[in-house]
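Here is the structure we will look at, set down as structure tokens.
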Amino acid sequence: MRLDLLCGAALLCAIPTAHADTASDLAICADERVKTAILPIEELTKAERSCTKVLDDAATSEPDRQKAAFFRSLSRFLQVVQSGMAFEPNPDGSMPEYKVPTKEDVSAALADIDAAIKLNGPLKSEALALRVTINQTIGVDDGIGSDIQEAMQAAPNDPTPYVQRALEAERKGEVSAAFADLNRALELDPQLGTALTARGLLFRRIGELGKAREDMIAAAALGPPYRRLALMRKSDIEARTGDLRAAYEDMLAAAKETGDMPEEDANSTNADLLVRAGDLALDNLKDPGTAEVLYNEAGKLKPDDWKWVLGLGRAAEAQQDKAKAIEIYRRILDGTRDTPNLLERNDASWRLKQLTQVLLQRRAGQFAPGFEFGVVPENPSPDGVKRLAFIMGSSNYAELPSLPNARRDAAAIASRLADMGFDEVEIAEDIDGANLKSLPGYVAERAKEADIVVVFYAGHGVETEGVNYLVPVDATLETDKELQTKALALRELTDAASNARHGALVIVDACRDDPFIEAKAVAASRSAAGGHREAMPERLHMGLAVSPTPLENNVVLHSTQPGKTAADGSGLDSPFVVALLQTLSTPGLTLDEVVQETSTRVSELTNGEQVPAAYGEAPAARILPDATAQ
């Protein structure tokens, strides 16, 4: 998020000249670095104080007064945002809830920017743009459209309002309008990093990966603050086109960036990116030796973090050094006893069980007992309530974009439910069409034996004509025309789970852009003659539709709102799964409480950009045993 914020701040550009009597304070106040780098809070506070001095000087000219009000607003706003992001894990290892700034939090910044807009000077357009950014951050839509329009009128050749209007259009799914504004912005300034990045991301969403790559290359060439983020985005694009070596090299280059943030922040960010580069080397390039080197480099930058240690364990597994992997995973468990909710601890526990327990032959696509995956209930049915979970994760799609996190997320949820008192946890991975269609019948029969049932699905899902479908891993590019026969209607799975005696919770982490659009575009670009490229869509086909209300005491939880897309996350788990794991660590919650707490955590983790949607009610059905029963 910090990198996105920097690129947003870089939309703003100020050039007026200070008068001699306020030159010193104004120079500190209007520090242009604030637009291209993350400055320490101390420097932002110093800039704010200098701006106040300029504004308190009755001799300050109106243009300089406008400049000081603008930069004080920006400094105050960034202090609020950066303070909210600068947090350490809770004592139990979970991440604290990020509080989205409220209107009260940014009231001083808004007052300054309102004053800057009213003053005569060259910064009116930039001031309006900053007010748009602040209001978008706090979730206030009123006035955004009029501010953008006024900014365009105040400075017709300023590309910034066009970028902001394009982003608003994209949020509404209006593809053509978004591209028109981004193209206009780049006509006005061909080297505008925010426009190149935004257009590249939009090209990626509709499957135009070649054009997306070109825009990210151009953005990266601009240097800070665009280079690091552009390289990360390009890495994702290269992975989707199948160029795994380029994806790795881009991520590694992003991890070597310097000069765009304070040293402490840079070390933390680069450590995380080195882990991601190591993951690409390990999982995509099948090069555990290089991955091990990168994990150790990350450890030098962030020694107290456990992500790189977990990576070393995975690398040891890949090198067939079982004893070393076991030692590393045990070291993680020993070192995280006081942080039970730490995600790396959860993963290490699951991996250790896989290495130390006798496992049966795993069956792709079919439900299998959790112990075949190293997931064993620790204290089943401590309160006499029979709880059963069906966990599904599909990552390796034959012709659609892969979802690397899906199977790992499913394993994390399965492990957590087993630890929290579920009697049985059954798991299915990479489910093909035949097995997917048979799941409702199996779940319906097993659910009759249970008091509480939880179903979790991570994978591709699509909506057509108001019906939500789960997509099998063997789906072809034409499956979208045969969803009724080739995919599984979510309603069938929901109805099957409702056979539980006390209640059921069906959790769906499948709210993404339509995977068939990208897959078809990629296939066309790879064909010898360029293939047939369908016309650019007028609107984005995003997310799932509203789920029908289930029977009493049953709840369906989508990872985000209807017609919206959910974040996949960049590391161990998606934001939705992170929030769900944290919530499932609290004994004694009812289904409704799990839904409410998870939704709150997701909203806070994503700065309000993702809010889960729930259908149905189950106030009395207790999904987890009470602490006294365990």
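Any idea of the accessible area per residue across the range 22-236, 1.4 Å probe, to the nearest Å²?
40 Å²
Per the 1.4 Å probe, what fraction of the accessible area of the range 266-355, in percent, lies on carbon and sulfur atoms?
The C+S portion of the solvent-accessible surface of the range 266-355 is 48 percent.
In this simple spin-label approximation, GLN596 and ALA59 carry label points 7 Å from Cα along the Cα→Cβ vector, and these lie 6.1 nm apart.
So what is the diffusion coefficient of the range 151-204 in µm² per second by Stokes-Einstein at 4 °C and 1.567 mPa s, using a Kirkwood Rh over Cα pairs? Before the final figure, lay out the partial values.
Numbers: Rh = 10.7 Å.
It comes out at roughly 121 µm²/s.
Looking at the range 266-355, the accessible area is 43 square angstrom per residue; that uses a 1.4 Å probe and ignores ligands, DNA and RNA. Between GLN319 and THR356, the modelled labels are 2.2 nm apart [label points 7 Å from Cα along Cα→Cβ].
For the peptides 136-144, 180-188, the ranking by mean Cβ contacts within 10 Å, running from highest to lowest, is 180-188, 136-144. Each Lys or Arg adds one and each Asp or Glu takes one away; over the other residues whose Cβ falls under 13 Å from the Cβ of LYS322, this sums to +1. Within the shell of other residues whose beta carbon sits under 12 angstrom from the beta carbon of ALA291, the net charge comes to -3, with Lys and Arg scored +1 and Asp and Glu -1. Can you compute log10 of I(q)/I(0) for the range 22-236 with the Debye formula, treating each Cα as one identical point scatterer, at q = 0.12, 0.15, 0.17, 0.19 Å⁻¹? The computed values of log10 I(q)/I(0) come out as -0.72, -1.09, -1.30, -1.43. In this entry, the range 266-355 is assigned a mean projected area of 5.3 nm², taken as a quarter of its C-alpha convex hull surface. Between the range 238-260 and the range 403-456, how far is it from one alpha carbon centroid to the other, in angstrom? If you average the Cα positions of each part, the centres end up 34 Å apart. In terms of the mean number of neighbouring beta-carbon atoms within 10 Å, the peptides 616-624, 38-46, 59-67 order highest first as 616-624, 59-67, 38-46. Once you have the Kirkwood Rh of the range 300-349 from its Cα pairs, apply Stokes-Einstein at 10 °C and 1.306 mPa s and quote D in µm²/s. The diffusion coefficient I find is 146 µm²/s.
Solvent exposure of HIS502, expressed as accessible area, is near 90 Å², computed with a probe of 1.4 Å over the protein chains only.
Share of carbon and sulfur in the accessible area of the range 106-254 stands at 48%, probe radius 1.4 Å.
The values are calculated or read from the model by the stated rules, or taken from the named source; none is laboratory data. Since the structure is predicted, the reported quantities are computational estimates derived from the model, not experimental observations. Virtual Cβ from ideal backbone geometry, glycine too; neighbours counted across all protein chains shown. For accessibility, only protein heavy atoms count, side chains too; no ligands or nucleic acids. Shrake-Rupley method; radii C 1.70, N 1.55, O 1.52, S 1.80 Å.
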